[in-house]
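Q: Sharing a structure below in structure tokens format, with a few things to ask.
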Amino acid sequence: MSIRKSILVLSLALPALSAFALDNTDIVKSTQLKDGSTVHQFADGKMAMESKFGKAVRMQEGTSMETANGQSITMKGDEVAKLSVSIWQHNRN
Ligand SMILES: [Cu+2]
């Protein structure tokens, strides 16, 4: 059985597991930062960092970030696990 098929079977078997229901529509806003990373904002207002290499990375809540167009954003939350799932699902397709 392929990995892809076992994931499908697993997600059908566990419809109540919220992580499997998560997709990129949970991200309401993605902002490119000056250093090449991206800050994603979820519907609940919390944020997660994606490095310029496309991996979910940690950032201390309250950290000030500079956007590519020179604005300043303050980090809210640190939803690294949530973003990891979104990135994983995105790359799977
Ligand atoms: Cu950040």
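Q: Of a type in the set (Lys, Arg) and either at pLDDT below 95 or in contact with a helix residue (DSSP H, G or I) (Cβ under 6 Å, 6 or more places away or on another chain) (or both) - does that describe any residue in region 69-76? Before you say what the answer is, go through the steps one by one.
A: If we filter region 69-76 for residues that are of a type in the set (Lys, Arg), which is where we start, we get 76.
Pick out the ones that are also either at pLDDT below 95 or in contact with a helix residue (DSSP H, G or I) (Cβ under 6 Å, 6 or more places away or on another chain) (or both) and you get none.
Checked region 69-76: no residue is of a type in the set (Lys, Arg) and either at pLDDT below 95 or in contact with a helix residue (DSSP H, G or I) (Cβ under 6 Å, 6 or more places away or on another chain) (or both).
Q: Hey, can you tell me all the residues within region 71-85 that are within 13 Å of the ligand (Cβ to nearest atom) and either assigned to a strand (DSSP E or B) or touching a residue at least 60 places away in the same chain (Cβ under 8 Å) (or both)?
A: Ser72, Ile73, Thr74 - these are the residues of region 71-85 that are within 13 Å of the ligand (Cβ to nearest atom) and either assigned to a strand (DSSP E or B) or touching a residue at least 60 places away in the same chain (Cβ under 8 Å) (or both).
Q: Which members of region 30-43 meet the condition of being away from the ligand (no atom under 11 Å from the Cβ), more than 16 Å from Ala81 (Cβ to Cβ) and outside any loop (DSSP other than H, G, I, E, B)?
A: Passing the criteria: Ser30, Gln32.
Q: In region 22-37, which residue that is surrounded by 12 or more Cβ atoms within 10 Å (Cβ to Cβ) and of a type in the set (A, V, I, L, M, F, W, C) is modelled with the lowest pLDDT?
A: Going through the qualifying residues, I end up with Leu22.
Q: Let me ask something additional. Would you mind stating whether Asn91 is loosely packed, with under 15 Cβ neighbours inside 10 Å and not in a loop (DSSP other than H, G, I, E, B)?
A: Numbers: loosely packed, with under 15 Cβ neighbours inside 10 Å: yes; not in a loop (DSSP other than H, G, I, E, B): yes.
When the stated conditions are applied, Asn91 passes them.
Q: Determine which single condition Leu14 fails, assuming it passes every other condition in (1) over 14 Å from Gln89 (Cβ atoms); (2) surrounded by 14 or more Cβ atoms within 10 Å (Cβ to Cβ); (3) at pLDDT below 95.
A: Every listed condition holds for Leu14 apart from (2).
Q: Let me ask something else. Among residues belonging to region 44-67 that are under 14 Å from Lys29 (Cβ atoms) and part of a loop (DSSP other than H, G, I, E, B), point out the one that is nearest to the ligand (Cβ to nearest atom).
A: In this case the residue turns out to be Lys46.
Q: Mind counting the residues in region 68-92 that are more than 15 Å from Thr31 (Cα to Cα) and β-branched (Val, Ile, Thr)?
A: 3
The values are calculated or read from the model by the stated rules, or taken from the named source; none is laboratory data. The model shown is predicted, which means the values in this text are computed figures rather than measured ones. Virtual Cβ from ideal backbone geometry, glycine too; neighbours counted across all protein chains shown.
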